[in-house]
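Peer 1: Following this message is one structure expressed as structure tokens.
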Amino acid sequence: MITRNYFKVVRVFPDPSDYFYIKIEGYDESTFSYYLQNTTLNLQYSFDKVNWTTLPHQFSEFQLPGDTSVYFRNNSGTFGTGEAIFYPRTNISLGGDIRTLFDYTDVDSVTTLPTNGFSKVFSMQNDTQIVDISNLSLGGITTIGDNAFSEAFAWSSIQKGLDLSGVTTLGEGALYQMYLGCSSLNEVYAPNVSTWDTNKTLSWLQQVPSTGVLYKPANLTIPTDDESGVPSGWTTQTYPNA
């Protein structure tokens, strides 16, 4: 008698609750416009995290019901400036694991936000505001590439910045004007770097409110009274639970 062993290959995808999402704030239907110009991008969206639609590589739009979250995923490994631009045309919140915008099939392999990775992805028009990013996560990303967060949340009305405490390496201009003009911002997190380099954080807190708290590693020295470090009127504290 011949005995044969059979093996089943199972692909493990992230928990659906971790997909990057955009939540429409308010109850009115709105138009969501976008422009995809990188033909290698395989960006998909879903309202239920089960049924997914691939976005065509062109300027297009679709309608979003009010008080709704739309989820996004991609497996091309690229995203950001020159590849995808969103025009929400309404107030929005951002959440979920940002890594699913790069490779949702293997998020643990995404440890670097590549050059221009999340730079200027959202076009802030007069009728558009990012109002909250407190549920947005970098997952296991430890390196922010060149210009990867350049103007990422500029002119938004967020109060709390992105948690960068897991980031240990910054590229050139990585955080350039990341929070430019955020008029309600009062809490931000510095990356967990050993030495502060203002060429990598140039004007990251330009035109923010006159008071706020910057959380940082206990032994990290950051220039004070400096929009590329700790702005005038802001205080510093060690990371919570550090």
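The values are calculated or read from the model by the stated rules, or taken from the named source; none is laboratory data. Keep in mind that this is a model prediction, so the values were computed, not measured. Here the Cβ is made from the backbone with ideal geometry for all residues, glycine too, and neighbour counts use every protein chain on show.
Peer 1: Hey, among F62, F153, which residue is under 13 Å from the mean Cα position of the chain (by Cα), among the aromatic types (F, W, Y) and either surrounded by fewer than 18 Cβ atoms within 10 Å (Cβ to Cβ) or in a loop (DSSP other than H, G, I, E, B) (or both)? Give the derivation first.
Peer 2: Details: F62 fails: under 13 Å from the mean Cα position of the chain (by Cα).
Answer to the check: F153.
Peer 1: Moving on to the next point. Check off (1) under 21 Å from T142 (Cβ atoms); (2) surrounded by 15 or more Cβ atoms within 10 Å (Cβ to Cβ) for D108 and give me the number that stays unchecked.
Peer 2: Against the list (1) under 21 Å from T142 (Cβ atoms); (2) surrounded by 15 or more Cβ atoms within 10 Å (Cβ to Cβ), D108 comes up short only on (2).
Peer 1: On to the next question. I'd like to check something: does the range 226-235 contain any residue that is in a loop (DSSP other than H, G, I, E, B), assigned by TED's automatic domain parsing to the domain that holds D163 and within 22 Å of V131 (Cβ to Cβ)?
Peer 2: As a first pass, look at the range 226-235 and keep what is in a loop (DSSP other than H, G, I, E, B): 226-229, 231-233.
From what's left, assigned by TED's automatic domain parsing to the domain that holds D163: 226-229, 231-233.
Those still in the list that are within 22 Å of V131 (Cβ to Cβ) too: 231.
Yes: one or more hits.
Peer 1: Would the range 203-221 turn up any residue that is aromatic (F, W, Y), under 30 Å from D103 (Cα atoms), outside the structural domain of I22 (by TED's automatic domain parsing) and outside any loop (DSSP other than H, G, I, E, B)? Steps first, answer last, please.
Peer 2: Restricting attention to the range 203-221, the residues satisfying the condition of being aromatic (F, W, Y) are 204, 215.
From what's left, under 30 Å from D103 (Cα atoms): 204, 215.
Okay, now just the ones that are also outside the structural domain of I22 (by TED's automatic domain parsing), so 204, 215.
Now narrow it down to the ones that are outside any loop (DSSP other than H, G, I, E, B): 215.
Yes.
Results for (1) modelled with pLDDT of 95 or more; (2) under 14 Å from the mean Cα position of the chain (by Cα); (3) surrounded by fewer than 21 Cβ atoms within 10 Å (Cβ to Cβ); (4) within 17 Å of I133 (Cα to Cα), shown as yes or no for each residue.
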residue: D163; (1), (2), (3), (4): yes, yes, yes, yes
residue: E172; (1), (2), (3), (4): yes, no, yes, no
residue: M178; (1), (2), (3), (4): yes, yes, no, yes
residue: T211; (1), (2), (3), (4): yes, no, yes, no
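Peer 1: Considering each of Q237, Q206 in turn, give the residue that is exposed (fewer than 15 other Cβ atoms within 10 Å of the Cβ) and modelled with pLDDT of 95 or more. Walk me through it before giving the result.
Peer 2: On the way: Q206 fails: exposed (fewer than 15 other Cβ atoms within 10 Å of the Cβ).
Exactly one residue qualifies, and that residue is Q237.
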